[in-house]
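First up is the structure itself, then whatever we jot down about it.
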Amino acid sequence: MSDSLWRVLRPGVRVVVRRVRDDEPGPGEPRLTDVLGELTAVDEDGMTILTRHGTVRVPATDVVLCKVVPAAPPPRAGRSV
């Protein structure tokens with residue numbers, strides 16, 4: 001999915017978004033990062049994604065690529081000792 005087709009997505013789908021970092025990367029660090037989670041809002045200014053670490057707002061100007069991905073696998077059963 002290109003950098004502008006994300007605008008037609010509906011909240012509730014799981015996405016991965018490649019975006020420009022919102023901080024200054026250090027020497028040898030990548031300029032881009034990924035955000036994975038459930039799309040909760042889309043508007044002209046960007047998108048909001050609920051990740052397992054919290055809500056992330058991705059401005060439209062920072063989106064490089066966006067892709068719909070399958071639902072997360074169910075949690076694995078704990079080990080018994």
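Quick check, is V64 surrounded by 11 or more Cβ atoms within 10 Å (Cβ to Cβ), over 10 Å from the mean Cα position of the chain (by Cα), modelled with pLDDT of 95 or more and not in a loop (DSSP other than H, G, I, E, B)? Answer is no for this residue.
Of all residues in the range 14-45, none satisfies the criterion of being surrounded by 14 or more Cβ atoms within 10 Å (Cβ to Cβ) and assigned to a loop (DSSP other than H, G, I, E, B).
The values are calculated or read from the model by the stated rules, or taken from the named source; none is laboratory data. Note that this is a predicted model, so its numbers are computed, not measured. We place every Cβ from the backbone using ideal geometry, glycine too, and count neighbours over all the protein chains shown.
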